[in-house]
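Below: one structure, written as structure tokens.
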Amino acid sequence: LQAVLPKVTNASGVRMYLYHRKTKMMERVTSAGDPASFSFPVDDPPAAVATAVSACFRNRSLLNIPDVKRTPLLRSMDTADLPRAMMFV
């Protein structure tokens, strides 16, 4: 998915997360382009993007953010390093 999906959707990148039931943690799948591991509790995410990932997972629904600079979900975060839009599936 990380190799094919950006080409198909014209996305700049894809990040995947796995849920661990025992620990109730979300863990980002590492890749060659993003080798740093990152995990967080689903019930208490530490950052704005992790909050969006948790909301998408808990609600089991698509979360589309067409403009990261205008969404209240990411207001507390510096959006300079983020893509212009985000989609959580």
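The values are calculated or read from the model by the stated rules, or taken from the named source; none is laboratory data. Owing to the predicted nature of the structure, the values given are computational and were not obtained by experimental measurement. Glycine also receives a Cβ, built like all others from the backbone with ideal geometry; neighbour counts cover every protein chain displayed. These accessible areas exclude ligands, DNA and RNA; they are computed on the full protein's heavy atoms, side chains included. Shrake-Rupley method; radii C 1.70, N 1.55, O 1.52, S 1.80 Å.
Could you please let me know if Val14 is at pLDDT 85 or above, within 11 Å of the chain's Cα centre (by Cα) and surrounded by 15 or more Cβ atoms within 10 Å (Cβ to Cβ)? For Val14, the condition - at pLDDT 85 or above, within 11 Å of the chain's Cα centre (by Cα) and surrounded by 15 or more Cβ atoms within 10 Å (Cβ to Cβ) - is met. The single condition among (1) open to solvent by 100 Å² or more (accessible area, probe 1.4 Å); (2) among the basic types (Lys, Arg); (3) in contact (Cβ under 8 Å) with a residue 12 or more places away in the chain that Lys22 does not satisfy is (3).
Kindly establish whether Val42 is open to solvent by 40 Å² or more (accessible area, probe 1.4 Å), of a type outside the set (Ser, Thr, Tyr) and in contact with a helix residue (DSSP H, G or I) (Cβ under 9 Å, 6 or more places away or on another chain). Quick ask: steps written out before the conclusion?
On the way: open to solvent by 40 Å² or more (accessible area, probe 1.4 Å): no; of a type outside the set (Ser, Thr, Tyr): yes; in contact with a helix residue (DSSP H, G or I) (Cβ under 9 Å, 6 or more places away or on another chain): yes.
When the stated conditions are applied, Val42 does not pass them.
Of the strands (runs of 3 or more DSSP E) contained entirely in segment 31-89, those carrying at least 1 residues that are modelled with pLDDT of 90 or more and polar (S, T, N, Q) fall at 39-41, 63-65.
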